[in-house]
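Structure record follows, encoded as structure tokens.
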Amino acid sequence: MAVPERFSADALRQFATTLLQRAGLDADKADSVAATLVDGDLLGHDTHGLALLAPYVKELEKGSMAKSGRPEVLSERAAALAWDGRRLPGPWLVHQGIDALMPKARDYGTASLTIHHSHHIACLAAYLLRATQEGFMMILASSDPAVRSVAPFGGTQAVFTPNPIAAGIPTSGTPFLVDISASITTNGMSNRLHKAGKQFEEEWLIDGAGHPSRDPAVLSATPPGTILPLGGLSAGHKGYGLAVLIEALTGGLSGFGRADPAAGWGATVFMSLYDPSAFGGEQDFKRQMDHIAQACRSNPPRPGVGQVRMPGDRGMQRRAEQLAQGLTLHPTIAPMLREAGAAYDLEFPATLD
């Protein structure tokens, strides 16, 4: 078996920053986007990390992603904000949102922000550490009103995107990092398998007639198939309910969603920070979370499982390993980035020895 290539995370971050700047993106925004994409790969979310860099560059070239500017404030109250993202880079907007919410959450215990007309926001888990390191619990959700690939439970025609939702939860040790979606798989993973001529191991899709399928090719057939909600054929009503909740948080609260004309690949975003000290107290919050962590990690594992992990444990372990030993990219990513860099006379980083 071939030894996987490893790259310096710092070198990849610098490459991504420079490439985005050469494509016209403001320096501060390029820094934010590059760091977020690399963080996605460090945590193991390799369909939503640097795999997105070349597509983002194409969006900049087409003018579909704004290269400069600020979001428009549509509404602001003591603990609630609404922005028009004006097609600015999603990772930069989310980090700007965290900056705006932190002081409000300190003052009022909680603060929330919606953003419509954001560009794509990449890996949701990549933002959570910023909040938990400051002692906040964070909820982050996203939908894309321009894309439909998930049918409602019992239906055959797509209405939703996978609709991810994430939560960062501080503890006395490793934070919980929950990053899930309302669908049983994602568009990114479906596209990757389709390009590789592979299928899912289980029936996570239905074809255009509603028949179960493992083949991601059904998503581009005529009529198109769809991804199943979380819970699949038997319990997909649960993912369906979660998708509706996320639509209310994003499109509903922001005032822009699927009832409006599509505005291109992007995101409608909901985010909220919570300061435990404003509720039952920081120490008791962590005492409760630490108890849950202990009860789960010490839980007797079922056959074939080494140890029960908390959400985020593997990602944080992978992040530490890859920062120390080098970042391993999915085999499809480096060739794509070499091609994107070559168009701007930018050399892709060498592998680590």
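Listing for the model above:
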item: Charge context of THR36, other residues only, Cβ under 12 angstrom, K/R +1, D/E -1; result: 0
item: Amide hydrogen neighbours beyond the local backbone of LEU74, cut-off 5 Å, H modeled; result: ALA82, TRP83, ASP84
item: Computed lengthening from VAL244 to GLN317, 0.36 nm per intervening residue step minus Cα-Cα distance; result: 23.0 nm
item: Most to least packed among 224-235, 298-309 [average Cβ atoms within 10 Å]; result: 224-235, 298-309
item: Selection from PRO4, ALA141, LEU93, by position along the positive dipole direction of the chain (Cβ); result: ALA141
item: Spin-label model distance (nm) - THR222 vs GLU72, 7 Å beyond Cα toward Cβ; result: 3.8
item: Long-range HN-HN contacts of GLY312 with modeled amide H, under 5 Å; result: LEU177
item: Per residue accessible area of region 122-274, 1.4 Å probe, in Å²; result: 41
item: Portion, in percent, of the accessible area of the chain that falls on carbon or sulfur, probe 1.4 Å; result: 52
item: Radius 11 Å from Cβ of LEU50, net charge of other residues (Lys, Arg +1; Asp, Glu -1); result: -2
item: Ranked packing of 158-168, 22-32, most packed first, by mean Cβ within 10 Å; result: 158-168, 22-32
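The values are calculated or read from the model by the stated rules, or taken from the named source; none is laboratory data. If you're wondering where the values come from, they're calculated on a predicted model, not measured in any experiment. Backbone-built Cβ (ideal geometry, glycine too); neighbour counts: all protein chains shown. Ligands, DNA and RNA are excluded from the accessible area calculation, which covers all protein heavy atoms including side chains. Shrake-Rupley method; radii C 1.70, N 1.55, O 1.52, S 1.80 Å.
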